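Here the structure comes first, spelled out in structure tokens, and everything after it is commentary.
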Amino acid sequence: MSDSDTHDPTSLRTPIVAVLGHVDHGKTSLLDKIRGSAVIEGEAGAITQHIGATAVPLDVVSSIAGELVDPDDFDLPGLLFIDTPGHHSFTTLRSRGGALADIAILVVDVNDGFQPQTLEALDILRRSETPFIVAANKIDTVPGWNENENSPINDTYESQSDRVTSRLDEKLYEIIGNLSDEGFSADLYWRVQNFQRNVGVVPVSAMTGEGVPDLLAVMMGLSQRYMKEEMEIDVAGPGVGTVLEVKEEKGFGKTIDIVLYDGTIRADDTIVVGGQNDPIVTEVRALLQPRPLAEIRTESRFEKVDEVSAAAGIKVAAPELGDAMAGAPVRVVRDRDLDDVIDEVEAELADIAVDTEEQG
Ligand code: GDP
């Protein structure tokens, strides 16, 4: 991990982004497209593959989005996408006071429109009060569509026939109507003045990359405008995160993949992790991140790092993790009283249990 990642001079963290939507509407493809574009646009080392997440730094967002994102207008460091899309990961991944994701993309297939899991996702977003935008996906499937790879929507619209654009508009307004039936006032994103009051709909193609510049620009703009205060963290403070997954890892035993949303975790920290029974108190053995593909030879897929700061996805190897649970809180103790930290973890676990019951 580069110095700029671990010693962010500002105390603004990356917003955490989740992708939701009905099966086959293109969640995975959209994430792949964003990751792929980021790799192409990124200078060596600019894009960081995290454990369970992909960080797209502001300069990469800006090179993908072109004129739509002027980096000078932003001080948030970029966007962190959680790699596992879907409702299950969204509902199990919580942080104190709500969803782990700060912001969400709801993917809707323009041909298929609203489907059961679209409604379910809206329900989840409503309940967790998570700001979101709608990616109206697969615009390239409109008959007669003229593909313009990775182009902003405005540019690609201009190269379509009137018949094609009116057909697409019809489908987009259907989605806007569906959103309104569900109580969300929505509009095409370029008409939205206040993203806190209105849901922006962004036409995209996860296949051709059309509209992806717009999608990133809207996410970045929305975060900067409405979430900056929530992104202010004490980067140097003790790390706080959520367990994504508990995994057996060759040579390391049971490990936890976590998303850190506050502070810093170091390779010699004592941590408290929510467990199936009692909170687990343990010492970090190693912090692991994926080794860049180019460097994978016969050695481990992972490389050890000394510390990581929020927001980040990281694998933690430590003894006694057998009872750790996905969705459970993780807290670094550092120079605080151990019992206080255990109490905090227990309180968070109790909150999660209540929420799970409420959701049936
Ligand atoms: P998920 O279940 O929501 O993660 O959906 P996937 O990303 O797996 O996509 C489902 C199918 O739709 C796959 O066959 C994709 O190739 C296809 N697909 C996804 N996005 C697009 C798109 O923008 N255009 C077209 N033509 N196909 C797409």
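Reported count of residues in region 248-271, each being in contact (Cβ under 8 Å) with a residue 24 or more places away in the chain, over 11 Å from residue 310 (Cβ atoms) and in contact with a strand residue (DSSP E or B) (Cβ under 8 Å, 6 or more places away or on another chain), is 12. Only one of the numbered conditions (1) surrounded by fewer than 20 Cβ atoms within 10 Å (Cβ to Cβ); (2) at pLDDT below 95; (3) of a type outside the set (D, E, K, R) is not met by residue 270, and that is (2). When 98, 183 are checked against the criterion of being closer than 26 Å to residue 314 by Cβ and either surrounded by 17 or more Cβ atoms within 10 Å (Cβ to Cβ) or free of Cβ contacts under 8 Å to residues at least 60 places away in the same chain (or both), a single residue qualifies: 98. Can we say residue 165 is touching a helix residue (DSSP H, G or I) at 6+ places or on another chain (Cβ under 7 Å), of a type in the set (Val, Ile, Thr) and part of a loop (DSSP other than H, G, I, E, B)? Here the answer is no, as residue 165 does not meet what is asked. Pairing residues of region 196-209 that are at positive phi with residues that are at pLDDT below 95 and more than 15 Å from the ligand (Cβ to nearest atom), at Cβ distances under 8 Å and at least 6 apart in sequence or on separate chains, gives no pairs at all.
Residue 88 meets the conditions (1) under 20 Å from the mean Cα position of the chain (by Cα); (2) within 16 Å of the ligand (Cβ to nearest atom); (3) not in a helix (DSSP H, G or I) in every case but one. The failed one is (3). The residues of region 121-149 that are farther than 22 Å from residue 219 by Cβ and away from the ligand (no atom under 11 Å from the Cβ), listed by number, are 143, 144, 146.
Among the residues making up region 198-222, those that are more than 16 Å from the ligand (Cβ to nearest atom) and either surrounded by 23 or more Cβ atoms within 10 Å (Cβ to Cβ) or more than 27 Å from residue 314 (Cα to Cα) (or both) are 198, 199, 200, 218, 219, 220. Restricting attention to region 91-122, the residues being outside any loop (DSSP other than H, G, I, E, B) and modelled with pLDDT of 90 or more number 14.
The values are calculated or read from the model by the stated rules, or taken from the named source; none is laboratory data. Model, not experiment: these values are computed from the prediction. Here the Cβ is made from the backbone with ideal geometry for all residues, glycine too, and neighbour counts use every protein chain on show.
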